[in-house]
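A.B. asks: I'd like to ask some things about the structure below.
Bear in mind these aren't lab numbers, they're just calculated from the coordinates by the rules spelled out. What you are looking at is a predicted structure, and each value in this text was computed from that prediction instead of being measured. Every residue, glycine among them, receives a Cβ derived from its backbone with ideal geometry; neighbour counts consider all protein chains shown.
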Amino acid sequence: MRVWAGPKDVNKRNIITNNLIHRVGRVITHGAGVFAWQSGENTISHNLIHNVPRKGIGLCGVRLPILHKQWCDFDEGSRTIRWDEIREDLAKRFDSKPHSLDEEWKRLTPYLHARKNIVEYNEVYRALEALGDGSVLNVSGAGDYNVVRHNFVHRIASHASGVLRTDDWQQHTTFEGNIIYKSNISGIVHKGYNHIVNNKIIDCSAIEFIRFASYPDEADNTGSKIRNNIFYETGDKVNLYRESYRASEGISLPHNCDTDYNLMWCAGNPQVMQDHLDLWRTKGVDTHSLAEDPLFIGLEEEGFQLAPDSPAFKLGFKEIDFDRIGLTASYPAKYLALDVPDEGTDKDFHRNRKGKASVYDFW
């Protein structure tokens, strides 16, 4: 889905549902399973996407600094911008120049049309097979109020970026009710004013489950919700939060966010999580969070369901209906028979640096 950037919001309210998408991008490897460019109010749901070279699902628009550079004709998306229409529209809306870069970007936000999308009930695995910059479910330079919820993303063997990510110049996105399982990279990359609530993040990178980063000239973004999540490690070492690169002072670290009421557990070494909790509480983070066993009835084989007496429910966690995720029962059997499932879903999965291999996490 694609539309040129300008005042006109013409490509929206599409439904992409119940599709089997796999092994795309064999020739041009930056291809995605589903990519919505400057398109909003869409529903992308119940798709099964696997073995793709880069993103599973991407929501993207023209990044604000590019809209700021009206002389530009070479940067990403710049040749899709209707400069004359934007100049005319800005002249109608404002009779003075913006007094700050932040105000100018706010004036340009209405031209980001990839807003109010809903990405839900998709299963994605083995993404980022060939390229690293990006994420499995990626929201970058899009408009406001996108929701990524109730997706199952698993077995990501890449060593760059993250499984879910709000990338540069991105605001008001919510990641809610997702299950992230078995990944060599961070479960979520957090930038900007965006929310991470009620997710199950299980066996992700031992370096970090959530990576906090920033983008150039980011405004002071505080108060993002990081609440009611379950962090679960089956091994004996883990680090939940880590600051990555700082491109500006606007970065929101855990203590700049509303980070609380999370449940965390390291099955192989419970003291690891208690130490983590004790450390962050000194910074005013996770005051009401608990380092306790969430009491999974089972992991993948049981849909990651929690026992009725799980302490997660006392913290306000709402159970995720695993059975609703992925292709529906109505998906045609004749097409499902054409699928080529991954034969080695745990191949290259170790969640830590292998030997002297470096982890490139700039993005």
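A.B. asks: Rank-order 128-135, 38-45 by packing density, defined as the average count of other C-beta atoms within 10 Å over each peptide's residues, highest first. Walk me through the intermediate numbers first.
C.D. replies: Values: 128-135: 20.5, 38-45: 22.5.
Top to bottom by mean Cβ count within 10 Å: 38-45, 128-135.
A.B. asks: Report relative contact order for the range 243-339 in percent, whole number only (criteria: Cα-Cα under 8 Å, sequence separation at least 6).
C.D. replies: RCO, the range 243-339: 22 percent.
A.B. asks: Shifting gears a bit: Just to be sure I understand the model, the point goes 7 Å from the Cα along the line to the Cβ. What's the resulting Glu319 to Lys69 distance in nm?
C.D. replies: The answer from the label model is 5.1 nm.
A.B. asks: Show me the ranking of peptides 247-254, 191-198, 79-86 by mean Cβ neighbours inside 10 Å, starting with the highest. Please list the in-between numbers first.
C.D. replies: Values: 247-254: 17.8, 191-198: 23.6, 79-86: 15.2.
Highest mean packing first, the order is 191-198, 247-254, 79-86.
A.B. asks: Kindly provide log₁₀ I(q)/I(0) values, in the same order as q = 0.26 Å⁻¹, from the Debye equation applied to equal alpha-carbon scatterers of the range 1-41.
C.D. replies: -0.94
A.B. asks: Order of Leu20, Leu336 from fewest to most other C-beta atoms within 10 Å?
C.D. replies: Ranked by crowding around the Cβ, least crowded first: Leu336, Leu20.
A.B. asks: Nearest 20 debye, what's the magnitude of the dipole of the range 65-111 about its Cα centre given +1 on Lys and Arg Cβ and -1 on Asp and Glu Cβ?
C.D. replies: Using only the charged Cβ atoms, the result is roughly 100 debye.
A.B. asks: Where does each of Ile118, Ile179, Ile49 land when they are ranked from fewest to most other beta-carbon atoms within 10 angstrom?
C.D. replies: Exposure proxy ranking, most exposed first: Ile118, Ile179, Ile49.
A.B. asks: Given an 8 Å cut-off on Cα distances and at least 6 residues of separation, report the relative contact order of the range 144-282 as a percent.
C.D. replies: Over the range 144-282, the number comes to 20 percent.
A.B. asks: Could you compute the FRET efficiency for Phe94 and Arg13, with r as their C-beta to C-beta distance and R0 at 30 Å, rounded to 0.05?
C.D. replies: Using R0 = 30 Å, I get an efficiency of 0.55.
A.B. asks: Can you give me the convex hull volume of the Cα atoms of the range 35-170, divided per residue and expressed in Å³?
C.D. replies: So the per-residue Cα hull volume is 108 Å³.
A.B. asks: Ignoring solvent entirely, what values of log10 I(q)/I(0) come out of the Debye formula for the range 99-200 at 0.23 Å⁻¹ when each Cα is a single scatterer?
C.D. replies: The Cα Debye sum returns log10 ratios of -1.18.
A.B. asks: Could I ask something else about it? Could you tell me the extents of the range 65-111's C-alpha atoms along the three principal axes, largest first, rounded to whole Å?
C.D. replies: 29, 20, 17
A.B. asks: Using the crude model of +1 on Lys and Arg Cβ and -1 on Asp and Glu Cβ, and no other charge, please compute the dipole size for the chain relative to its Cα centre, in debye to 20.
C.D. replies: Details: 44 positive and 50 negative charges, 188 e Å.
Computed charge dipole of the chain: roughly 900 debye.
A.B. asks: What order, most packed first, do the peptides 157-163, 223-229, 275-281, 136-142 have when packing is the mean number of other Cβ atoms within 10 Å of each residue? Please list the in-between numbers first.
C.D. replies: On the way: 157-163: 24.7, 223-229: 21.9, 275-281: 15.4, 136-142: 28.6.
Averaged packing, sorted descending, gives the order 136-142, 157-163, 223-229, 275-281.
A.B. asks: Per DSSP H run of n ≥ 4, the term is -39500 (n - 2.57); total these for the chain, divide by its residue number, and report the mean residue ellipticity at 222 nm rounded to 500 deg cm²/dmol.
C.D. replies: Value at 222 nm, helices only, nearest 500: -3000 deg cm²/dmol.
A.B. asks: Give the share of C-alpha pairs in each 10 angstrom bin for the chain, from 0 to the last occupied bin, in whole percents, shortest bins first.
C.D. replies: 5, 24, 34, 24, 10, 2, 0
A.B. asks: Normalised radius of gyration for the range 156-266, please: alpha carbon Rg relative to 2.2 N^0.38 Å, two decimal places.
C.D. replies: 0.98
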